[in-house]
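Each remark here refers to the structure printed beneath this line.
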Amino acid sequence: MAQRYSSFQQGTRMWLLQRITAGFLLVVLAFHFFLLHFVHHADEVSFLMSSGRMETMSYYSLMVLFLLTATFHGVNGVYNALVNQGLSGTKRTAVKWTLVAASVVLIVQGIRTANAWAGIPLY
Amino acid sequence: MSQSYNRGLIEDFSRWREFEAGMWAWIFHKFTGWVLIGYLFTHIAVLSTAIPASGAETAVLQAGNDVYTQTIISLEGLLLVRILEVGLLAVAVFHMLNGTRLLLVDLGIGLDSQDKSFYASLILTGAITVASVPTFIAGAF
């Protein structure tokens, strides 16, 4: 049998979610890079331009979904890499909840930022 | 049915001499993953300057004198940041290409040529990165 180099236990819900978010991120990250570096250039960025994009509901929704999936995919990847390196017991539980807390902070801060651009008074 | 496989510790001295393509792909995927999640936190922190900027007067925003626009312009004015952006692109492109390779292998596609697809990911990452340098460096000088 071929050797598997995956850090994930195959067949679990998290394993599947990691792959589903990967598929989504492949498309959206490519779009994000293309739009913000090739269509518009990074040094031309201004608050009003970012605001103009974020005031469009479809763009705002896509970016919020991008934030949620990227955070899950990244943090779950880090957690599984650490477990794969032998993290277990109390340390594993502590790391897990620290990563959950960091994810919540990142998501809240990201949505506050998106709201500031979109003119949604929740930030 | 999956089986466990004892990879040993990658930190063991000279262990890398035993590595084959699949192990390098695994290490590069982990490394680029760590860089990308680190960048995500930094990215949101920098973009958060939009929160105080949103309270600025319209004239200030139109002139681009708000804290968000000025932060981005200052960062993009640094050659080091431009070079780091090229590095970020390389890291992201490799993670995406190798990630596609992993998704295909998980689906049982291309398992026999997984070493070739790893080399293809590396070559394509290099080509895309080099081709993107002019766009990323434009206006830095």
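The values are calculated or read from the model by the stated rules, or taken from the named source; none is laboratory data. Note that this is a predicted model, so its numbers are computed, not measured. Note that each Cβ is placed from the backbone with ideal geometry, even for glycine, and that neighbours are counted across all protein chains shown. Areas reflect the complete protein model, heavy atoms only, side chains present, ligands, DNA and RNA absent. Shrake-Rupley method; radii C 1.70, N 1.55, O 1.52, S 1.80 Å.
What to note about this one:
- None of B:GLY55, B:GLY77, B:GLY22, B:GLY8 is under 24 Å from A:ILE107 (Cα atoms) and either at pLDDT below 95 or among the small types (Gly, Ala, Ser) (or both) except B:GLY55.
- Odd one out for A:SER50, checked against (1) modelled with pLDDT of 95 or more; (2) farther than 26 Å from B:ALA56 by Cβ: (2)
- Contact map, segment A:82-111: first residue surrounded by 11 or more Cβ atoms within 10 Å (Cβ to Cβ), second residue modelled with pLDDT of 95 or more and assigned to a loop (DSSP other than H, G, I, E, B), Cβ cut-off under 8 Å, separation 6 or more or different chains; pairs are A:GLN109/B:SER48.
- Hits in segment B:96-132 - residues which are touching a helix residue (DSSP H, G or I) at 6+ places or on another chain (Cβ under 6 Å) and over 17 Å from B:PHE28 (Cβ atoms): B:GLY110, B:LEU111, B:SER132
- In segment B:54-95, the residues that are closer than 22 Å to B:THR32 by Cβ and open to solvent by 70 Å² or more (accessible area, probe 1.4 Å): B:LEU80, B:ILE83, B:LEU84
- Taking the criterion of being more than 8 Å from every other protein chain (Cβ to nearest Cβ) and buried (at least 18 other Cβ atoms within 10 Å of the Cβ), the residues of segment B:28-51 that qualify are B:PHE28, B:HIS29, B:THR32, B:THR49.
- Leading residue by the ranking (farthest from B:ILE51 (Cα to Cα)) among those in segment A:106-123 that are out of contact with any helix residue (DSSP H, G or I) (no Cβ under 7 Å at 6 or more places or on another chain) and at the interface with another protein chain (Cβ under 9 Å from one of its Cβ atoms): A:GLY119
- Test: A:LEU67 is more than 7 Å from every other protein chain (Cβ to nearest Cβ), part of a helix (DSSP H, G or I) and either of a type outside the set (Phe, Trp, Tyr) or within 19 Å of the chain's Cα centre (by Cα) (or both): yes
- Among the candidates A:VAL78, A:VAL28, the residue that is in contact with a helix residue (DSSP H, G or I) (Cβ under 8 Å, 6 or more places away or on another chain), at the interface with chain B (Cβ under 7 Å from one of its Cβ atoms), open to solvent by less than 30 Å² (accessible area, probe 1.4 Å) and at pLDDT 95 or above is uniquely A:VAL78.
- Note on segment B:52-141: enclosed helices (runs of 4 or more DSSP H) holding 3 or more residues that are within 20 Å of the chain's Cα centre (by Cα), touching a residue at least 12 places away in the same chain (Cβ under 8 Å) and more than 7 Å from chain A (Cβ to nearest Cβ) are B:79-106, B:114-137.
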